[in-house]
Structures are given as C-alpha cells and as structure tokens.
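See below for the structure under consideration.
The values are calculated or read from the model by the stated rules, or taken from the named source; none is laboratory data. Keep in mind that this is a model prediction, so the values were computed, not measured. Reconstructed Cβ throughout: ideal geometry from the backbone, glycine too, with neighbour counts over all protein chains shown. Please note that ligands, DNA and RNA were not included when accessible areas were found on the heavy atoms of the full protein model with its side chains. Shrake-Rupley method; radii C 1.70, N 1.55, O 1.52, S 1.80 Å.
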Amino acid sequence: MPNNSKPSPQEDLDTRINCVVQAKEHLEKEIQAISASGEVAASSCWIVRYLAKGRNSVYWYYKLQANVAIFPTKTDGKSSRYKHLGKAGSQAYLEAVEQIFLRAKIEALDRSIEILNQGLKDLIQETSKYNKNE
C-alpha cells in the first residue's frame with residue numbers, strides 16, 4: 001500500500017527553505033556567468049542620442065553617458081562622463097547596447113534575489129514558531 005501521508009509542517013517548511021536557497025544559489029550563479037561573459041555597463045550609464053551637424057547635413061550620433069566621470073580619455077588621461085559611440089550600428093554602439101543589456105539582466109536577477117531573501121527571512125521566522133512548540 002503506498003504511503004500517502006502528508007509531510008509534517010516542519011518537513012514542509014524545511015523543503016520550502018531548501019527550495020528558496022537553491023533558487024537563490026541558481027540566480028547568484030547566473031549573475032556570475034553574466035559578469036564573466038562580457039563587460040557590464042555601470043549602473044550610472046545610459047545611451048544618449050544627439051544630433052550632430054556636418055558641413056552638408058545633420059545626423060544622429062550616440063554616446064554612453066554616466067553621472068560621474070568614469071570613462072578614460074585618450075589625450076590627457078583624465079576621465080570623462082561621456083564615451084562617444086558613433087553612429088547607430090557601429091561596433092562601439094553595439095558593444096554599449098550589449099553592456100547595458102547585461103546590466104539590466106543582472107539588476108533583474110538582483111531584484112529576484114532580494115525577493116528570495118525576504119521569503120527566506122519569512123520562512124526562518126516561521127521556523128521559530130515550530131521550535132517554540134517543541
């Protein structure tokens with residue numbers, strides 16, 4: 001005859017805690033893999049489109065912009081708040097888009113980890129309820 005007994009509340013709680021911990025570890029490994037896969041844009045960076053005027057026409061250019069000077073300059077060794085990317089589709093432009101995409105993935109995973117941390121905190125609090133009854 002199969003054993004159809006339900007797990008005890010403590011066993012159920014232990015199982016749920018284990019699931020949350022495993023999910024958190026999986027997301028942390030995902031962040032490490034993303035970080036190792038390529039350069040990630042700083043959280044203070046975004047791409048800005050601006051209009052440049054040439055001799056005979058106007059055209060759109062792009063730059064990576066930050067709140068503080070983090071980009072090294074070529075001439076004087078100082079840092080700049082801007083990194084010029086050139087026109088849409090240029091190598092620098094595509095790399096910047098990829099860096100921002102990687103950052104967005106990491107930020108989303110970080111938010112999920114925070115939710116799991118809150119759930120783990122709640123489960124640990126629930127565990128103390130069972131430990132009082134023993």
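Placing unit charges on each Cβ (+1 for Lys and Arg, -1 for Asp and Glu) gives the chain a dipole about its Cα centre, and among 48, 112, 60 the Cα reaching farthest toward its positive end belongs to 60. Quick check on my link table: of 53/74; 53/78; 53/87, which ones sit more than 18 Å apart, alpha carbon to alpha carbon? Correct reply: 53/74; 53/78. Summed over the residues of the chain and divided among them, the accessible surface reaches 73 Å² per residue at a probe radius of 1.4 Å.
What does the net charge come to around residue 99 if you take all other residues with beta carbon closer than 12 Å to its beta carbon, with K and R at +1 and D and E at -1? Combined, the nearby Lys, Arg, Asp and Glu give 0.
Residues 127, 15, 73, sorted by accessible area with the largest first, give 15, 73, 127 [1.4 Å probe; ligands and nucleic acids excluded].
Residue 49 contributes an accessible area of around 130 Å² to the protein surface, as traced by a 1.4 Å probe with all chains present. Each part reduced to its alpha carbon centroid, segment 13-59 and segment 79-133 end up 6 Å apart.
Run the dipole for the chain about the Cα centre, Lys and Arg Cβ at +1, Asp and Glu Cβ at -1, nothing else charged, and hand back the magnitude in debye, nearest 20.
Numbers: 19 positive and 16 negative charges, 236 e Å.
Dipole about the Cα centre, nearest 20: 1140 debye.
With 5 Å bins beginning at zero, the pair-distance distribution over Cα atoms of segment 33-118 amounts to 3, 13, 18, 20, 18, 12, 8, 4, 3, 1, 1, 0 %. Could you work out the relative contact order of the chain? I mean the mean sequence separation of Cα pairs under 8 Å and 6+ apart, divided by the number of residues, in percent. 27 percent.
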